[in-house]
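Asker: Can you keep this structure in mind? I'll have questions shortly.
The values are calculated or read from the model by the stated rules, or taken from the named source; none is laboratory data. What you see is a predicted model; the values in this text were computed from it and never measured. Quick reminder, even Gly has a Cβ in these numbers, built from the backbone with ideal geometry, and neighbours come from all protein chains shown.
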Ligand code: SAM
Ligand code: SF4
């Protein structure tokens with residue numbers, strides 16, 4: 001049976017809270033504003049990609065409308081992602097639009113995950129829109145390896161973007177996907193660099209999402225082994241903070257670094273999951289590791305806000321208890337056919 005709770009006293013969100021069949025309250029929405037990207041990171045995409053036809057993409061106004069419906073139902077945090085969110089024309093206007101919910105107090109946080117290639121131009125505008133923290137993906141600080149991993153990337157652009165974010169007083173968290181035999185030896189230098197620069201660092205296990213040209217099994221680096229290695233050399237103090245996702249946080253005392261580990265494969269934290277995702281074409285996915293979804297764009301276009309609200313209730317029933325990711329066999333198909341760039345990382 002679908003249980004529909006009531007949002008605690010909050011002048012901005014008197015409507016029914018979004019809660020799934022397992023009693024998990026949905027307070028965090030990730031929006032993929034585009035599935036397109038100017039890079040082709042090997043663990044994320046194939047070199048040749050078929051992107052969504054533009055006609056299927058939600059307009060920026062529709063994204064804002066859907067976000068408002070979620071906020072009215074108790075969502076307190078929104079992350080814009082993709083694909084590369086800053087590739088979408090009007091992304092800053094969307095951020096400004098959503099930023100109005102910060103000003104009213106209806107939303108606690110608006111944030112963004114970016115590859116940083118366009119951040120140098122946009123950091124100041126993001127700050128003005130109300131963002132205070134952003135995640136920037138940086139798997140290596142070696143220019144040649146950066147180009148290899150991203151296929152087309154220019155490291156200097158991402159570094160300039162990170163610098164611009166700092167100049168705009170945006171706190172930066174670096175996302176680094178741990179890749180066996182590629183950037184494994186750079187994890188410790190990256191930790192030291194992040195500590196020096198005052199950035200947080202999050203290490204991420206490769207997840208089996210979407211067909212790519214490489215074999216993920218070759219590159220899969222379980223982070224529990226990395227953690228054991230750190231523990232033999234550093235003092236790792238666990239931090240109580242949880243984000244309702246698969247990340248756990250530590251302070252690396254010797255470096256003064258806040259370190260996150262995202263370990264959906266070696267650990268499972270689905271019981272605390274507080275998030276859902278919408279694609280650029282308006283599908284809501286209830287779990288990154290599950291195909292169950294529902295079409296919010298169709299609901300919005302056919303029946304407006306009322307139909308959208310009803311669709312959100314139906315979506316809550318679809319949220320699975322847990323994901324079933326695994327990367328075990330070589331040449332195995334990905335656990336989920338959709339790329340991370342479709343649902344947004
Ligand atoms: N383009 C932006 C970026 O790279 O930050 C935002 C979208 S990207 C899909 C979001 C995050 O997902 C990035 O940190 C990226 O490294 C990560 N990612 C992409 N594919 C992944 C995969 N198969 N497994 C684990 N992380 C992945
Ligand atoms: Fe693009 Fe981000 Fe995927 Fe890299 S990880 S290909 S930057 S969407």
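Asker: Looking at (1) in contact (Cβ under 8 Å) with a residue 40 or more places away in the chain; (2) in contact with a helix residue (DSSP H, G or I) (Cβ under 8 Å, 6 or more places away or on another chain), can you tell me which one residue 290 breaks?
Answerer: (2)
Asker: Further question on the same structure: What's the total number of residues in the range 34-59 that are closer than 21 Å to residue 89 by Cβ, in a loop (DSSP other than H, G, I, E, B) and away from ligand 1 (no atom under 11 Å from the Cβ)?
Answerer: Going through the range 34-59 one residue at a time, the tally reaches 8.
Asker: Hey, another quick one. Picking from 29, 58, 98, which residue would you name as being away from ligand 2 (no atom under 16 Å from the Cβ), surrounded by 21 or more Cβ atoms within 10 Å (Cβ to Cβ) and either more than 30 Å from residue 272 (Cβ to Cβ) or over 18 Å from the mean Cα position of the chain (by Cα) (or both)? Talk me through it step by step, then tell me what you get.
Answerer: Details: 29 fails: either more than 30 Å from residue 272 (Cβ to Cβ) or over 18 Å from the mean Cα position of the chain (by Cα) (or both); 98 fails: either more than 30 Å from residue 272 (Cβ to Cβ) or over 18 Å from the mean Cα position of the chain (by Cα) (or both).
Step by step, each of 29, 58, 98 is checked, and only 58 is away from ligand 2 (no atom under 16 Å from the Cβ), surrounded by 21 or more Cβ atoms within 10 Å (Cβ to Cβ) and either more than 30 Å from residue 272 (Cβ to Cβ) or over 18 Å from the mean Cα position of the chain (by Cα) (or both).
Asker: Hey, can you tell me all the residues within the range 177-213 that are closer than 19 Å to residue 231 by Cα and under 21 Å from the mean Cα position of the chain (by Cα)?
Answerer: 178, 187, 190, 191, 194, 200, 201, 202, 203, 204, 205
Asker: Could you figure out which of (1) modelled with pLDDT under 95; (2) away from ligand 2 (no atom under 16 Å from the Cβ) isn't true of residue 298?
Answerer: Of everything listed in (1) modelled with pLDDT under 95; (2) away from ligand 2 (no atom under 16 Å from the Cβ), residue 298 misses just condition (1).
Asker: Sticking with this structure for a sec: What is the one condition in (1) outside any helix (DSSP H, G or I); (2) exposed (fewer than 15 other Cβ atoms within 10 Å of the Cβ) that residue 136 does not satisfy?
Answerer: (2)
Asker: Condition first: over 16 Å from residue 188 (Cα atoms) and surrounded by 15 or more Cβ atoms within 10 Å (Cβ to Cβ). Can you find one or more residues in the range 221-230 that meet it?
Answerer: Residues of the range 221-230 over 16 Å from residue 188 (Cα atoms): none.
No, there is no match, as no residue in the range 221-230 is over 16 Å from residue 188 (Cα atoms) and surrounded by 15 or more Cβ atoms within 10 Å (Cβ to Cβ).
Asker: Moving on to the next point. Name the residue that is modelled with the lowest pLDDT, counting only residues in the range 253-266 that are touching a helix residue (DSSP H, G or I) at 6+ places or on another chain (Cβ under 8 Å), assigned to a loop (DSSP other than H, G, I, E, B) and crowded, with 17+ Cβ neighbours inside 10 Å. Steps first, please.
Answerer: Initial filter on the range 253-266 (touching a helix residue (DSSP H, G or I) at 6+ places or on another chain (Cβ under 8 Å)): 255-257, 259, 261-263, 266.
Add one more test, that the residue is assigned to a loop (DSSP other than H, G, I, E, B), and what stays is 255-256, 263, 266.
Pick out the ones that are also crowded, with 17+ Cβ neighbours inside 10 Å and you get 255, 263.
Values: 255: 98, 263: 82.
Per the criteria, the residue is 263.
Asker: Continuing with the same structure: Quick one: would you say residue 248 is part of a loop (DSSP other than H, G, I, E, B) and either under 18 Å from the mean Cα position of the chain (by Cα) or at pLDDT below 85 (or both)? Give the steps one after another, and end with the answer.
Answerer: On the way: part of a loop (DSSP other than H, G, I, E, B): no; either under 18 Å from the mean Cα position of the chain (by Cα) or at pLDDT below 85 (or both): yes.
Taking the combined requirement at face value, the residue does not satisfy it.
Asker: Also, quick follow-up: Please tell me if residue 174 is touching a helix residue (DSSP H, G or I) at 6+ places or on another chain (Cβ under 6 Å), within 12 Å of ligand 1 (Cβ to nearest atom) and outside any loop (DSSP other than H, G, I, E, B).
Answerer: Details: touching a helix residue (DSSP H, G or I) at 6+ places or on another chain (Cβ under 6 Å): yes; within 12 Å of ligand 1 (Cβ to nearest atom): yes; outside any loop (DSSP other than H, G, I, E, B): yes.
It is true that residue 174 is touching a helix residue (DSSP H, G or I) at 6+ places or on another chain (Cβ under 6 Å), within 12 Å of ligand 1 (Cβ to nearest atom) and outside any loop (DSSP other than H, G, I, E, B).
Asker: Which of the residues spanning the range 93-120 are without any contact (Cβ under 8 Å) to a residue 40 or more places away in the chain and either within 16 Å of ligand 1 (Cβ to nearest atom) or closer than 19 Å to residue 35 by Cβ (or both)?
Answerer: Matches in the range 93-120: 95, 110, 111, 112.
Asker: List pairs: first in the range 147-163 and at negative phi, second part of a helix (DSSP H, G or I) and within 13 Å of ligand 1 (Cβ to nearest atom), Cβ under 6 Å, 6+ apart or cross-chain?
Answerer: What qualifies is 153/146; 155/146; 161/119.
Asker: Go through the range 150-161 and count every residue that is outside any loop (DSSP other than H, G, I, E, B) and buried (at least 21 other Cβ atoms within 10 Å of the Cβ). Break it down stepwise before answering.
Answerer: Taking the range 150-161 as the starting set, the residues that turn out to be outside any loop (DSSP other than H, G, I, E, B) are 150, 155-161.
Next, only the ones that are buried (at least 21 other Cβ atoms within 10 Å of the Cβ) stay: 150, 158, 161.
Summing the residues that are outside any loop (DSSP other than H, G, I, E, B) and buried (at least 21 other Cβ atoms within 10 Å of the Cβ) in the range 150-161 gives 3.
Asker: Restricting attention to the range 199-215, which residues are surrounded by 19 or more Cβ atoms within 10 Å (Cβ to Cβ), within 16 Å of ligand 2 (Cβ to nearest atom) and closer than 17 Å to residue 178 by Cα? Show your work before the answer.
Answerer: First pass over the range 199-215, keeping only residues surrounded by 19 or more Cβ atoms within 10 Å (Cβ to Cβ): 199, 201-210, 212.
Cutting the leftovers down to within 16 Å of ligand 2 (Cβ to nearest atom) gives us 202-210, 212.
202, 203, 204, 205, 206, 207, 208, 209, 212, listed by residue number.
Asker: Looking at (1) at pLDDT 95 or above; (2) more than 16 Å from ligand 2 (Cβ to nearest atom); (3) exposed (fewer than 15 other Cβ atoms within 10 Å of the Cβ); (4) closer than 21 Å to residue 218 by Cα, which is the only condition residue 181 fails?
Answerer: All conditions are met except number (1).
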